1. Any idea what angle helix 166-179 forms with the longest principal axis of the chain, computed on alpha-carbon atoms, 0 to 90 degrees, nearest 10?
2. Calculate how steeply helix 64-77 sits against the longest principal axis of the alpha-carbon atoms of the chain, using the helix alpha-carbon long axis, and give the answer as 0 to 90 degrees to the nearest 10.
3. Helix 93-105: angle to the longest alpha-carbon principal axis of the chain, degrees 0 to 90, nearest 10?
4. Give K33/K230; K116/K190; K7/K33; K33/K141; K141/K230; K33/K192 a once-over and call out the pairs whose C-alpha atoms are over 27 Å from each other.
5. Counting each DSSP H run of 4 or more residues in the chain as -39500 (n - 2.57), what helix-only mean residue ellipticity at 222 nm follows after dividing by all residues, to the nearest 500 deg cm²/dmol?
6. Using a 10 angstrom cutoff on alpha carbons, build the Gaussian network for the chain and name the most mobile of F222, F252, F118.
Amino acid sequence: MKASNPKAEALRALLDPQRPAMAMAAHNPLAAKLAAEAGFEAIWGSGFELSASYAVPDASILPMGTHLEMMRAMGEVQDAPIVADIDTGFGNAVNVAYAVPRYAAAGVAAVVLEDKTFPKDSSLRPGGRQELVPAGEFQGKVEAARAHGGGMLVIARTEALIAGQGEAEALRRGAAYVEAGADAVLIHSKSKSPEEILSFCRAWDGRVPLVLVPTSYPQLSFADVAALGKVGLIICGNHAIRAAVAAMRDTFRRIREEGDIAGVEGSIASVAEVFALQGDDALRDLERAFLR
Ligand code: SPV
Ligand code: MG
């Protein structure tokens with residue numbers, strides 16, 4: 001019998017190709033909480049964001065435990081389902097079989113597994129090393145994730161377009177991964193124009209919903225994606241960390257230039273806002289209830 005996972009079922013219900021759900025990337029629980037507060041239906045547990053937050057490349061450098069603990073912590077402070085980016089699954093299909101129950105136990109709703117070789121390189125990195133494992137080998141990984149994932153959704157990600165292998169190969173791989181049990185297929189593109197992804201979406205037979213990460217082709221509106229009737233989830237892949245970098249850079253520069261901290265006061269969050277995000281109300285309830 002398939003294990004039940006209420007977060008996974010909630011996410012499955014959101015993957016409506018007529019009305020795609022939106023996920024926002026997060027690299028820590030605070031970002032996840034802010035994304036949920038802003039109305040994003042899901043949280044993207046981005047490997048790129050987490051790697052960037054440790055100031056290391058998104059190239060299988062961080063250990064699984066670091067990512068796993070972050071997913072658990074994100075789920076503890078907000079209710080939106082977590083879509084965990086587990087890259088290549090930390091090795092082969094056996095590594096996947098050992099990894100996914102741990103993600104399920106951490107409260108994750110879905111894992112995204114990509115068909116690149118381990119160690120991976122970032123899809124968006126100019127001149128990056130984009131090598132794919134054979135489709136049959138990756139089917140084994142998808143099957144392992146399904147068999148051991150405790151009811152989590154398994155989203156199979158093909159990097160065929162990123163690797164320059166063309167639409168026919170991307171479609172072939174997507175279909176093979178659905179055959180292996182994938183609940184959705186993430187199709188990634190780093191083309192600066194949306195044409196490559198639009199063409200793939202139109203050619204997709206719609207057996208399972210598609211997932212898009214439109215970082216490279218931001219001109220494609222969410223309404224245009226919905227009109228395709230093929231995409232169940234749109235992921236804003238790195239907007240939390242990029243917003244954080246821009247805001248910190250600007251604030252730090254101004255404080256250095258202005259010679260005081262008064263100037264930035266109106267453009268940063270108040271201490272009261274941060275207390276609220278830390279759950280100060282709950283802390284006060286506990287103090288009232290138990291401190292003598
Ligand atoms: C991530 O956010 O870690 C992703 C999306 O996998 S991308 O960086 O575009 O590959
Ligand atoms: Mg990633």
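1. Taking Cα atoms only, the helix is inclined about 90 degrees.
2. Long axis of 64-77 versus the principal axis of the chain: about 60 degrees.
3. 40 degrees
4. On the way: K33/K230 29 Å; K116/K190 15 Å; K7/K33 16 Å; K33/K141 31 Å; K141/K230 24 Å; K33/K192 31 Å.
Listed pairs above 27 Å: K33/K230; K33/K141; K33/K192.
5. On the way: 12 runs with 134 residues, N = 292.
When only DSSP H runs of four or more count, the value is -14000 deg cm²/dmol.
6. F252
Only the coordinates and a few stated rules stand behind these numbers; no lab work does. Here the structure is a predicted model, which is why all the values come from computation and not from measurement.
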